[in-house]
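Asker: Here it is: the structure, laid out below.
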Amino acid sequence: MIIDRRDALAGMAAMFGASLFAPIARAAAVQVTPISSGPPSSPVFSAQQRALMTALSERVMPTTDTPGAIAAGVPEFIEKLLADWASPDERKPILAGLDAIEVQSRTEYKVAADKAMPAQQDALLTLAMEDKIAGGADFFDKFRQLVLTGYFTSEVGITQEREYLPVPGRYDGAYPYSEIKKVFSS
């Protein structure tokens, strides 16, 4: 079974619609080598930002009965996408948001945000989502899109979180609803 990340990206672009983060749209629109191949062209994050971005991506898409964001390679996807497909101005909300979350964690919890307890990281993400930290809502919207896109276009996301049915597939007009266990993707 061959999974085409480009097709999955196009599906994510359709899902997010007009509010799609520009680097995701740009990567989905170009017909070149897969965006996930190879390392980023240059580092985007400091070591602290990378550790925090990794921890927060796992909070957005945690490991449950299926692998989470880290196992799906989402942190690497995010850095590659921002390095190779985003302008410096498009990276600013992500970098500023990570820095604001770091400051909030050190102020409120007296610990680096990547070392905070999962419940504390959830609270920090909630503050960002509710725009209660500087640039929080803009960061959260873009970061969430990056995590979801990275996850649901990964092999883990397509084959373990969703049921992959290649198209064209067999049509079964009487498929029993009771047998549907996952969302289908094609």
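Asker: Long-range amide H contacts for D131: which residues qualify at under 5 Å (H placed 1.01 Å from N, peptide plane, sequence gap of 5 or more or a different chain)?
Answerer: Excluding prolines and chain starts, which carry no amide H, the hits are A137.
Asker: Near the amide H of A71, under 5 Å away, which other amide H atoms are found, from residues 5 or more places off or on another chain, if H is placed in the peptide plane?
Answerer: none
Asker: Convert each backbone phi in segment 86-103 into a coupling constant with the Karplus relation 6.51 cos²θ - 1.76 cosθ + 1.60 (shift: θ = phi - 60°), then list the ³J(HN,Hα) values in order as whole Hz, x for Gly and Pro.
Answerer: Once rounded to whole Hz, the list reads 10, 7, x, 5, 6, 7, 3, x, 5, 5, 5, x, 4, 5, 5, 5, 4, 4.
We did not get these values from a lab; they are worked out from the coordinates using the rules stated. Everything quoted here is computed from the prediction, not taken from an experiment.
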